[in-house]
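Right, one structure below, let's go through it.
The values are calculated or read from the model by the stated rules, or taken from the named source; none is laboratory data. Bear in mind the structure is a predicted one, so any value in this text is a computation, not a measurement. Neighbour counts run over all protein chains shown; Cβ positions are idealised from the backbone, glycine included.
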Amino acid sequence: MANDLLNSMHISAAGMSAQRTRMDIVAENIANAESTRTNQGGPYRRRQVVFQAIPQKQEFSNVFNSTFQTGEHKSVKAAYIAEDKRPFREVFDPSHPDANAKGIVRLPNVNPVEEMVDMNSAARSFEANVTTMEASKRMFLKSLELLR
């Protein structure tokens, strides 16, 4: 039982770490929503986190018991950061220093409304993992109390 509680805490911690990475990338996207010049050349390209499920190590007893349960214990991690391949926004602004000969400026493919929705989703997921970790902690402490 203690192993299961520790597993649930590990899974929640991994979820919080992955969502923290997601929030960091969203904040970077928002900060660069108007950046028309980058080190790579051209406007900033939106980035997003790609998650990956990771199976948990299982002892023989857990594998044996899992035949009576549905699902497998899995964790999550931020596998890599991908660039969004959607086209850049183009606006007519001949006074902009990065405008081409026709007066068109290429702006990042970042939509601030989409980023705020993504940030809200990441924050809610983070909160859900915190709640799960706190519940696991309470159950663990209650189990210790019962053993006294």
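Values computed for the structure shown
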{"read-out": "Residue match in segment 105-112 (condition: exposed (fewer than 13 other Cβ atoms within 10 Å of the Cβ) and closer than 30 Å to R47 by Cβ)", "value": "yes"}
{"read-out": "Among residues of segment 96-129, those that are farther than 20 Å from Q19 by Cβ and within 15 Å of the chain's Cα centre (by Cα), counted", "value": "0"}
{"read-out": "Residue satisfying condition, being out of contact with any helix residue (DSSP H, G or I) (no Cβ under 8 Å at 6 or more places or on another chain), on the phi < 0 side of the Ramachandran plot and in contact (Cβ under 8 Å) with a residue 24 or more places away in the chain, within set N129, N100, N120, N109", "value": "N109"}
{"read-out": "Top-ranked residue in segment 22-39 [being over 22 Å from D93 (Cβ atoms) and surrounded by fewer than 17 Cβ atoms within 10 Å (Cβ to Cβ); ranked as modelled with the lowest pLDDT]", "value": "N39"}
{"read-out": "Positions within segment 5-55 being assigned to a strand (DSSP E or B), under 20 Å from E83 (Cα atoms) and of a type in the set (A, V, I, L, M, F, W, C), in sequence order", "value": "V49, V50, F51"}
